[in-house]
Amino acid sequence: MKNHKHCIERIYLNNFNAVVSEHVHRYIFASNFVKEKITLDIACGSGYGTSYLAKHAKYVYGIDIDSETINENKKIYKEKNIQFIHADAHNIPLDNESIDVVVSFETIEHLYNANLFLKEIKRVLKKEGMLLISTPNKKNSEENNIKNDYHIREYYEHEFRNLISFYFKNLIFFFQTTKYVNIIYPNENDNLKLNYANINSSEMLLKKQIELNSVNSMSKEYFITIASDSNIKLDYNFYLLDFTEYINFMINDLYNSKTYKIGHYLTLPIKYFLHITNIKKYNQFER
């Protein structure tokens, strides 16, 4: 791939904003499908998502075209079930039918040759394998006058459906929006039975909109498609961001940062003094 414009559009957890929230939510969503699976995170960027998937998957390959990013990821993430590889998304250096799940979030809109990319994904996927892929909704971009200079091509819903369905027999379409709440929800035309078991208060807005048959009137900022040649089975059918999981996601990343570790050890004597003098209690000093 001659043009590396997409390398500039990176997501880092230390720069928190709505876009970071969207990306984190997608990886939490994907974690439901990679349990004990060999997974490929294509265009893995700064590697936080690859690391998160590795907590659930059997093994994860994180591939990106930017060599500096890959080298930095290798220094930061030391999980034994992760391998970071510098490679082009059009030429994946993995064996045929070696991957159970491919995760591709916000990648295809950066590529000049989407068909070659999808052919490579098909090649490395096992016959019963699954692709989770997301991309911005071109209609939403036009309606809101959103122009991203790093995107080679965005897709209308029918274009994206047609493109993915050319390579996979079965599709389930989801939409993502950050209007009012960060949410991933299914296309009601796919006739999925919605599961309200254990619904919490933060999900009531979505529940009411579904009951009013207004899901498809909600904003569709991104498409998230699950694609496979095998039947796709879902344990549950709509996904509101679990804020507890999200907070844990962010806290774990903080605890693993060099800044936190240095600060922790520098302040340890002060914390110990405060603890033994009963000025302030710290759990790590309690028996």
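Rundown of residues vs (1) over 26 Å from Q176 (Cα atoms); (2) of a type outside the set (S, T, Y), yes/no style:
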{"site": "S51", "(1), (2)": "no, no"}
{"site": "Y59", "(1), (2)": "yes, no"}
{"site": "I85", "(1), (2)": "yes, yes"}
{"site": "S98", "(1), (2)": "yes, no"}
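What helices (runs of 4 or more DSSP H) lie completely within the range 47-155 and have 1 or more residues being modelled with pLDDT under 95 and over 20 Å from the mean Cα position of the chain (by Cα)? Steps first, please.
Details: elements: 48-54, 67-76, 114-124, 138-143.
Correct list: 67-76, 138-143.
Taking into account only those residues within the range 91-125 that are among the polar types (S, T, N, Q) and surrounded by fewer than 15 Cβ atoms within 10 Å (Cβ to Cβ), which is farthest from F168 (Cα to Cα)? If you could, list the steps in order and put the result at the bottom.
The first filter runs over the range 91-125 and keeps only residues among the polar types (S, T, N, Q), leaving 91, 96, 98, 104, 107, 113, 115.
From the residues that got through so far, the ones that are surrounded by fewer than 15 Cβ atoms within 10 Å (Cβ to Cβ) too are 91, 96, 113, 115.
Working: N91: 20, N96: 16, N113: 18, N115: 12 Å.
Top of the filtered list is N91.
The values are calculated or read from the model by the stated rules, or taken from the named source; none is laboratory data. All figures in this text were calculated on a predicted structure; none of them were measured in a lab. As a convention, Cβ positions derive from the backbone with ideal geometry for all residues, glycine included, and neighbour counts pool all protein chains shown.
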